[in-house]
Amino acid sequence: MKRVLMFAILSLCLLYIGDYLSVQYRIPKNRSQFGMVKIRRYYAVGLKSGKTEFMFLAPENQVCVHSLFPHFGYSPCWYLSRRNVKRINI
């Protein structure tokens, strides 16, 4: 059981390192490191009556990285494109 766990941890570490190196050194060369995803945000304001009022904001672009994992402080583009609506509760 320990061997399987160690193999899984080592495989995950190698995958993360390979992903980082592919972003850092632009492997493949024709791929850009960063992209943009349009994020739609809105405020959800709780009223005293128990109802919720929604106030929609203008969409904004957010920088993302073309990789499997987050790198350089940016989320992966595949993750942001699936979660492009952000609710802010007040």
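None of the figures in this text is laboratory data; all of them are computed from the coordinates on show. These numbers come from a predicted model, not from an experiment. Virtual Cβ from ideal backbone geometry, glycine too; neighbours counted across all protein chains shown.
At-a-glance table
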item: Output for the range 40-80, where each listed residue is over 19 Å from Gly18 (Cβ atoms), out of contact with any Leu (no Cβ under 9 Å at 6 or more places or on another chain) and aromatic (Phe, Trp, Tyr); result: Phe54, Phe56
item: Residue satisfying all of: in the range 34-66; of a type in the set (Gly, Ala, Ser) and surrounded by fewer than 12 Cβ atoms within 10 Å (Cβ to Cβ); nearest to Ile88 (Cα to Cα) among these; result: Gly46
item: Residue ranges of strands (runs of 3 or more DSSP E) in the range 1-71 with at least 1 members acidic (Asp, Glu) and under 26 Å from Val85 (Cα atoms); result: 52-56, 60-65
item: All positions within the range 1-60 that are touching a strand residue (DSSP E or B) at 6+ places or on another chain (Cβ under 7 Å), in contact (Cβ under 8 Å) with a residue 12 or more places away in the chain and among the hydroxyl-bearing types (Ser, Thr, Tyr); result: Tyr20, Tyr42, Tyr43
